[in-house]
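The values are calculated or read from the model by the stated rules, or taken from the named source; none is laboratory data. Keep in mind the model is a prediction, meaning the values are calculated, not measured. In this analysis, Cβ positions are derived from the backbone assuming ideal geometry, glycine residues included, and neighbour counts consider all displayed protein chains.
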Amino acid sequence: MQRISILQLEDSVLDADLEIAHLARAGIEADVRRVETREDFEQALESGKFDVILADFHLPHFNGLDALGIARVKAAETPFIFVSGMLGEEIAIESLKNGATDYVLKMRMDRLGPAVQRALAEVNERRERRRAEIALEESESRFRIMAESAPVMIWTARDDKSWSYCNRMWMEFTGLTLEASSGAGWVSRVHADDLARVLDAWNQAFEKQQGFSSDFRLRRQDGDYRWIACRAAARVDGNGRFAGLIASSTDISEMKQTEERLRHGAKLESLGILAGGIAHDFNNLLTGIMGNASLILEDLPANSRSVPFVENIVQASETAAQLTRQMLAYSGKGRFVLERLDLSRQVRDITPLIEASIPRLVALRLQLGRGLTPIEADPGQIQQLLMNLVINGAEAIGDEGGSVTVSTEVAEVTQAVADQMMSGFAVPPGRYLLLRVRDTGCGMDQQTRARIFDPFFTTKFTGRGLGLAAVSGIVRGHKAGLALDSEPGCGTEFRIYFPLAASDAETDRDEAPALVHAGTGTVLIVEDEPVVTRTARLTLQRYGYTVLTAQNGKEAVDLFRAVAPEIDLVLLDMTLPLMSGDVAFHEMRAIRPDVRVLATSGYSELEAFSRFGDEIDGFIQKPYRAAQLAEKVHEILTRPLAAR
């Protein structure tokens with residue numbers, strides 16, 4: 001049930017109570033502050049914040065329009081609804097022009113709940129729209145700040161292919177202003193041998209409303225042609241429509257020259273070096289893109305058409321960040337977000353992802369300790385470490401099949417073991433959480449073992465050779481130990497020794513507290529929802545009661561008739577199949593007038609008493625906590641019958 005805060009300007013206590021009752025019937029619970037005079041009204045607006053203002057139009061010493069004027073000054077965004085016995089058409093129109101949200105006639109009080117709900121929905125919609133607009137403005141401002149300081153050329157184009165922005169790096173490189181870059185301006189700078197290919201990619205991007213990637217030669221303002229890596233992505237507006245492109249262009253001339261001198265493997269290495277050179281600054285850009293996109297995603301309603309597009313931005317940013325994370329991890333400068341981790345659980349959680357990444361001929365085996373001391377670690381980095389080690393082991397096994405075993409345990413590291421670590425720093429002796437990854441692959445000779453953690457070193461024909469280099473960086477970043485055993489034909493075992501997290505202060509366990517509202521007796525639960533029945537039954541049994549159950553009104557009456565003397569209390573739902581709750585109530589009272597009845601419903605207490613009258617012994621509204629039910633049952637059963 002919704003709960004709101006209401007300022008009620010009403011001189012009739014009866015009318016005020018009636019308004020709140022109708023709101024409750026509409027599913028709205030309210031904390032109400034009622035005032036009658038101008039002075040109290042102004043003081044309430046100054047001292048508190050309210051979700052809705054309900055005001056009578058005709059007051060003994062105060063005019064409704066005056067109250068509206070005061071509210072529009074002191075609480076401009078708060079919905080203001082007139083609730084009046086009489087309100088002519090002219091006055092109603094005037095009040096709406098002056099800022100009233102709605103008006104409800106007291107003879108039509110059933111409209112009050114929907115009017116309040118509609119007003120609250122409109123307020124929330126305005127706030128969400130305003131937050132989205134502010135977030136967009138801030139996002140655009142941050143984008144321009146980051147784009148101007150970025151070490152790459154950045155530009156944006158509208159859906160009609162005209163340019164809307166280019167950063168300082170672009171203008172310095174080409175010598176073109178924004179106006180000169182648009183249209184044929186940038187095209188004139190493209191090398192003739194690359195022009196047809198680039199224009200085709202450009203036109204296809206707008207035709208298909210998607211991004212493109214292209215490497216081409218671009219003439220610098222000094223006349224020299226440089227190789228440019230252009231990566232463009234589609235932009236969308238607030239309605240999810242294609243709005244153009246956003247692109248980054250990086251001078252890759254040095255990489256191209258290196259590729260010309262080296263063969264295939266060297267080309268891949270140079271790409272890694274280039275990425276490593278811009279990793280830090282590029283990550284800052286990605287943080288801005290990803291962070292703002294995430295904020296927008298949080299603000300958007302779940303059914304917004306923009307949600308999939310913003311999710312695509314976040315996912316694309318995550319993908320782009322993978323390579324930079326590996327580079328920064330190897331350098332030991334990766335950003336770690338540490339938290340207490342159950343390493344065994346972490347391994348189990350990502351097992352499906354690992355299994356999907358290795359060949360079917362390779363079996364993944366887990367030997368995970370339970371109840372191990374947690375570690376302080378970054379979950380994302382631990383996932384990357386595990387993936388790299390397991391995939392590396394699976395590749396070492398090859399096509400003949402084998403297994404990779406992952407195990408966790410607490411281990412004691414002696415000084416002799418610590419001296420053999422390959423972590424790059426001194427690892428002190430002591431207790432550690434040990435992660436083992438062992439494969440049955442081809443193993444490594446001494447020369448390979450000596451270089452296995454070097455960046456770009458790989459025993460495979462293709463690949464960047466970053467996986468185990470990143471593992472080394474992650475280990476160093478977590479101040480962990482690293483050891484390796486491997487021989488040709490005997491497989492490989494990696495051992496990672498994580499420092500144990502600081503123990504929480506040990507506290508003695510107290511005995512379970514006594515159940516304050518425990519009692520004895522037999523309770524008949526009449527409820528047609530099985531999950532509610534089970535909850536109530538288990539609760540009351542826990543508190544010492546004997547419990548009988550019935551699924552509908554007829555079954556309840558038949559059961560009650562058979563064992564009426566044994567039943568101390570009936571927990572009776574208002575809405576039941578076959579026989580309604582109020583009918584079943586009167587049937588059971590006819591059989592045994594003194595039986596105690598506790599009514600329950602998802603509706604309000606007011607609704608319950610309108611159905612049952614004041615003959616019931618109590619009411620408890622769903623949902624309720626176990627202790628609340630036990631307390632209510634205990635209170636009714638310990639109350640003298642005469643006090644009913």
Cross-chain or 6+ apart pairs with Cβ under 6 Å, the stretch 79-107 first and among the hydroxyl-bearing types (Ser, Thr, Tyr), then assigned to a helix (DSSP H, G or I)
Thr101/Ala119; Tyr103/Ala92
Is it true that some residue in the stretch 436-455 is over 17 Å from Ala483 (Cα atoms) and under 38 Å from the mean Cα position of the chain (by Cα)?
yes
Anything in the stretch 67-92 that is farther than 16 Å from Ser12 by Cβ and part of a loop (DSSP other than H, G, I, E, B)? List them, or say none.
Ala75, Ala76, Glu77, Thr78, Pro79, Gly88
Right, Asp419: surrounded by 18 or more Cβ atoms within 10 Å (Cβ to Cβ) and modelled with pLDDT under 85 or not?
no
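A quick yes/no check of all residues on (1) over 30 Å from Phe309 (Cα atoms); (2) in contact (Cβ under 8 Å) with a residue 40 or more places away in the chain; (3) touching a Ser or Thr at 6+ places or on another chain (Cβ under 6 Å):
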residue: Glu207; (1), (2), (3): no, no, no
residue: Gly211; (1), (2), (3): no, no, no
residue: Leu218; (1), (2), (3): yes, yes, no
residue: Asp224; (1), (2), (3): yes, no, no
What residue, of Arg197, Arg158, Arg219, Arg168, is in contact with a helix residue (DSSP H, G or I) (Cβ under 7 Å, 6 or more places away or on another chain), of a type in the set (D, E, K, R) and assigned by TED's automatic domain parsing to the domain that holds Ser248?
Arg168
Looking at the stretch 569-587, which of the residues that are at pLDDT below 90 and part of a helix (DSSP H, G or I) is farthest from Gly544 (Cα to Cα)?
Asp582
Residues in the stretch 29-46 that are within 36 Å of the chain's Cα centre (by Cα) and either among the aliphatic types (A, V, I, L, M) or within 19 Å of Gly69 (Cβ to Cβ) (or both): how many?
4
Could we say that Ala377 is crowded, with 18+ Cβ neighbours inside 10 Å, touching a strand residue (DSSP E or B) at 6+ places or on another chain (Cβ under 6 Å), in contact (Cβ under 8 Å) with a residue 24 or more places away in the chain and more than 17 Å from Glu493 (Cα to Cα) here?
yes
Can you tell me which residue in the stretch 173-184 is farthest from Asp215 (Cα to Cα), limited to those that are free of Cβ contacts under 8 Å to residues at least 12 places away in the same chain and in a helix (DSSP H, G or I)?
Glu179
Against the definition (small (Gly, Ala, Ser) and either exposed (fewer than 13 other Cβ atoms within 10 Å of the Cβ) or in a helix (DSSP H, G or I) (or both)), how does Ala100 come out, yes or no?
no
Only unsatisfied item for Glu529, checking (1) at pLDDT below 90; (2) of a type in the set (Asp, Glu); (3) closer than 15 Å to Ile591 by Cβ, is (3)
Note on the stretch 402-452: residues out of contact with any Ser or Thr (no Cβ under 7 Å at 6 or more places or on another chain) and of a type in the set (Lys, Arg) are Arg431, Arg451
Quick one: would you say Trp227 is of a type outside the set (Lys, Arg), outside any strand (DSSP E or B), surrounded by 19 or more Cβ atoms within 10 Å (Cβ to Cβ) and in contact with a Phe, Trp or Tyr (Cβ under 8 Å, 6 or more places away or on another chain)?
no
Could you grab me the full set of residues in the stretch 559-580 that are buried (at least 17 other Cβ atoms within 10 Å of the Cβ) and closer than 26 Å to Thr520 by Cβ?
Leu559, Phe560, Ile567, Asp568, Leu569, Val570, Leu571, Leu572, Asp573
Scope the stretch 462-479; condition modelled with pLDDT of 80 or more and touching a Ser or Thr at 6+ places or on another chain (Cβ under 7 Å); matching residues
Val475
Number of the exception - Ile4 against (1) at pLDDT 90 or above; (2) over 20 Å from Lys106 (Cβ atoms):
(1)
Are there any pairs, at least 6 apart or on different chains, whose C-beta atoms fall under 9 Å, with the first in the stretch 151-165 and under 15 Å from Trp186 (Cα atoms) and the second part of a loop (DSSP other than H, G, I, E, B) and of a type in the set (S, T, N, Q), and if so, which?
Met153/Asn167; Ile154/Asn167; Trp155/Asn167; Ala157/Ser182; Lys161/Ser182; Ser162/Ser182; Trp163/Ser182; Ser164/Ser182
Looking at the stretch 189-200 only, could you name the residues that are assigned to a helix (DSSP H, G or I) and either crowded, with 16+ Cβ neighbours inside 10 Å or among the β-branched types (Val, Ile, Thr) (or both)?
Asp194, Val198
Does any residue of the stretch 245-259 turn out to be surrounded by fewer than 13 Cβ atoms within 10 Å (Cβ to Cβ), at pLDDT 90 or above, assigned by TED's automatic domain parsing to the domain that holds Asn303 and farther than 30 Å from Glu133 by Cα?
no
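To keep it simple, each residue is scored yes or no on (1) surrounded by fewer than 16 Cβ atoms within 10 Å (Cβ to Cβ); (2) outside any helix (DSSP H, G or I).
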{"site": "Asp11", "(1), (2)": "no, yes"}
{"site": "Asp15", "(1), (2)": "no, no"}
{"site": "Leu18", "(1), (2)": "no, no"}
{"site": "His22", "(1), (2)": "no, no"}
{"site": "Ala30", "(1), (2)": "no, yes"}
{"site": "Glu39", "(1), (2)": "yes, no"}
{"site": "Ala44", "(1), (2)": "no, no"}
{"site": "Lys49", "(1), (2)": "yes, yes"}
{"site": "Ile53", "(1), (2)": "no, yes"}
Matching residues, the stretch 147-161, being out of contact with any Leu (no Cβ under 7 Å at 6 or more places or on another chain) and of a type in the set (A, V, I, L, M, F, W, C)
Ala147, Val152, Met153, Ile154, Trp155
Scanning the stretch 113-160 residue by residue, those modelled with pLDDT of 85 or more and hydroxyl-bearing (Ser, Thr, Tyr) turn out to be Thr156
From the list Asp51, Asp110, Asp11, pick out the single residue that is in contact with a Ser or Thr (Cβ under 6 Å, 6 or more places away or on another chain) and of a type outside the set (Phe, Trp, Tyr).
Asp51
Condition broken by Ala157, with the remaining ones in (1) touching a Cys at 6+ places or on another chain (Cβ under 8 Å); (2) buried (at least 16 other Cβ atoms within 10 Å of the Cβ) satisfied
(1)
